[in-house]
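Peer 1: One structure is given below, represented as structure tokens, and several questions about it will come after.
Nothing in this text is a laboratory measurement; each read-out follows from the coordinates by a stated rule. Since the structure is predicted, the reported quantities are computational estimates derived from the model, not experimental observations. Counting neighbours? That spans all protein chains shown, and the Cβs are built from the backbone with ideal geometry, glycine included.
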Amino acid sequence: MGLNAHASAFAPPTASDGLTPVIGPTREALKAALKERGVAGFRADQIWKWVYQRGVTDFAEMSNLAKDLRAQMAAEFSITRPEIVQDQESVDGTRKWLLRMPDGQEVETVYIPEDDRGTLCVSSQVGCTLTCKFCHTGTQPLVRNLGPAEIVGQVMIARDALGDWPSGKEDRRLTNIVMMGMGEPLYNYENVADALRIVMDGDGIAWSKRRITLSTSGVVPQIRQCGAELNVNLAISLHAVTDELRDKIVPINKKYPIAELLRACREYPGVSNARRITFEYVMLKDVNDTPADARQLVRLLRGIPAKVNLIPFNPWPGAPYECSSAKTITAFGDIVAAAGYPAPVRATRGQDILAACGQLKSESQRERAAAKLKAIQAQRKAEAEAAAS
Ligand code: SAH
Ligand code: SF4
């Protein structure tokens, strides 16, 4: 399926409450929607600031708008966020929110605090159409793309919960965004791009492109588009150093093989040693983890300002792989680092709340299904006991 057909087949639904959402449209689109209702353009700028700079959720708080206009806005527009279904905190401080959209679809967002930063791992789709063999999301069929409101909404919910409003506040807990949650962001490029433009708008959340990283399995045409239009940091899910293996474990490689992918990386604008492309490499025991693989990786990356992120494989029920041993991972990393590429091993965070890479949503859905089943069984048992007595 081409990307345009994909975009319309999996489009997010439009609001069903008859109200026009303020969160989601670009600033120009919001201006146009207000103009249609006779509201002057500069009001859109004021509303934009209330919503994205201060995080207000009620038009009544917009004190520089006339009372009549506040009432009109409340009658015709909405400032809703996704509903929080679950809010879990790990022993290591990682926090995971399960969010429900108005049509009942659910996604997860994960906050990862570190010493020098706080990162939000944002989802772009419900499920994924790509079928990378080691990824649990890839075993679930794509349900649909998320819209800009649902993507920005994840950031807004995290800011609400972390007390990070208004923008520009000192000691913000959330400082970076990675598009590394569920889904392939470049298969939902237009919605992701609108969402990131909103996040980067200087009068709103005002995040610099340097604090945003988009991770892709390698959708080459959209890597180029993303470089030209958004120029956020790029992370590539490489995971294999030969086309033969990558065709198998990251099947989009059949369409955009390694050489083509790396050409797009070489041409990505603004890359330097201070602003490197991250190559993600999941460590799969006896599959892609030999010293020869590490040496081939170094050869492939030659000339690209790169950093390699070694990700210990996170297992899931029925997964066809195991994680490489710690010794193998260290040996692999040492070879890459000796060639001048930083090669940190990604710490597994939030494992106790199933928030690690490749574990999102499906696991908590399973957990909740199991809890529901348990409750039904307990109720049946109680009913049977009551009937028997
Ligand atoms: N679709 C995008 C972004 C989401 S996946 C992409 O593929 O880049 C985020 C990262 O987690 C990717 O590098 C992905 O390959 C990795 N990942 C997926 N399943 C994993 C697992 N079970 N263990 C470790 N990393 C995994
Ligand atoms: Fe989709 Fe990324 Fe998982 Fe591959 S690794 S199936 S592209 S979410």
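Peer 1: Add -39500 (n - 2.57) for each DSSP H run of 4 or more in the chain, then divide by its residues: what number comes out at 222 nm, to the nearest 500 deg cm²/dmol? Don't skip to the answer; put the middle values down first.
Peer 2: Values: 12 runs with 139 residues, N = 389.
Calculated at 222 nm, the ellipticity per residue is -11000 deg cm²/dmol.
Peer 1: Taking the 0 to 90 degree range and rounding to the nearest ten, how far is the long axis of helix 326-338 tilted relative to the main principal axis of the chain, both from C-alpha atoms?
Peer 2: 90
Peer 1: Additional query: What is the spread of the Cα atoms of the stretch 216-342 along each of their three principal axes, largest first, in whole Å?
Peer 2: 39, 32, 23
Peer 1: Let me ask something else about it. Ordered by residue, what ³J(HN,Hα) values in Hz, to whole numbers, does the stretch 96-107 give under the Karplus form 6.51 cos²θ - 1.76 cosθ + 1.60, where θ = phi - 60° and Gly and Pro are x?
Peer 2: Ordered by residue, 3J(HN,Hα) equals 10, 10, 9, 10, 10, 8, x, 8, x, 5, 10, 9 Hz.
Peer 1: Could you tell me the ratio Rg/Rh of the stretch 291-337? Both radii from Cα atoms, Rh via Kirkwood. Each step should come with its number before you reach the end.
Peer 2: Values: Rg = 12.6 Å, Rh = 12.1 Å.
Using Cα coordinates only, the ratio equals 1.04.
Peer 1: Ranked from highest to lowest mean number of other Cβ atoms within 10 Å per residue, what is the order of the peptides 243-249, 280-286? Don't skip to the answer; put the middle values down first.
Peer 2: Numbers: 243-249: 16.4, 280-286: 21.0.
Order by mean packing, descending: 280-286, 243-249.
Peer 1: Still on this structure, I have one more. Report the per residue volume, in Å³, of the convex hull enclosing the C-alpha atoms of the stretch 220-265. Present the calculation step by step, with values, prior to reporting the outcome.
Peer 2: Working: hull volume 2.9 nm³, N = 46.
Dividing the Cα hull volume of the stretch 220-265 by its residues yields 64 Å³.
Peer 1: Could you give me the ³J(HN,Hα) list for the stretch 183-193, computed from phi with Karplus coefficients 6.51, -1.76, 1.60 and θ = phi - 60°, whole Hz, x at Gly and Pro?
Peer 2: Whole-Hz 3J(HN,Hα) from phi for the stretch 183-193: x, 9, x, 7, 8, 9, 4, 4, 5, 5, 5.
Peer 1: If you don't mind, there's one more thing I want to ask. Using DSSP, restrict attention to beta bridges with both residues in the chain and report what percent are antiparallel, rounded to the nearest 5.
Peer 2: Values: 20 of 43 bridges.
Within the chain, antiparallel bridges account for around 45 percent of the total.
Peer 1: Just grab the label-to-label distance for Ala274 and Thr330, each label 7 Å out from Cα along the Cβ direction, in nm (one decimal).
Peer 2: Once both label points are built, they end up 3.5 nm from each other.
Peer 1: Another one. Using only the alpha-carbon atoms, how far is helix 220-229 inclined from the longest principal axis of the chain? Give it as 0 to 90 degrees, nearest 10.
Peer 2: That helix lies at roughly 50 degrees to the long axis.
Peer 1: When the Karplus curve 6.51 cos²θ - 1.76 cosθ + 1.60 is applied with θ = phi - 60°, which whole-Hz ³J(HN,Hα) does each residue of the stretch 339-351 get, with x for Gly and Pro?
Peer 2: After applying 6.51 cos²θ - 1.76 cosθ + 1.60, I find 8, x, 9, x, 9, x, 8, 5, 5, 7, 10, x, 4 Hz.
Peer 1: Relative to the longest principal Cα axis of the chain, at what angle does helix 67-76 sit, 0 to 90 degrees, rounded to 10?
Peer 2: 60
Peer 1: While we're here: Taking the Cα atoms of the chain, what is the range of coordinates along each of the three principal axes, in descending order and whole Å?
Peer 2: 74, 70, 44
Peer 1: Stick to the Cα atoms of the stretch 1-129, pair each with every other, and give me the Kirkwood hydrodynamic radius in Å at one decimal. Provide the component values of the computation, followed by the final result.
Peer 2: Details: mean 1/r = 0.0580 Å⁻¹.
After inverting the pairwise mean of 1/r, the radius is 17.3 Å.
Peer 1: Computed from the mean reciprocal separation of all distinct C-alpha pairs, what Kirkwood hydrodynamic radius does the stretch 124-280 have, in Å? Please list the in-between numbers first.
Peer 2: Working: mean 1/r = 0.0612 Å⁻¹.
It is 16.3 Å.
Peer 1: Check Ser78: other-chain or 5+ apart residues with amide H under 5 Å from its amide H, H built from backbone geometry?
Peer 2: Sorted by chain and number, the residues that satisfy this are Thr20, Val22.
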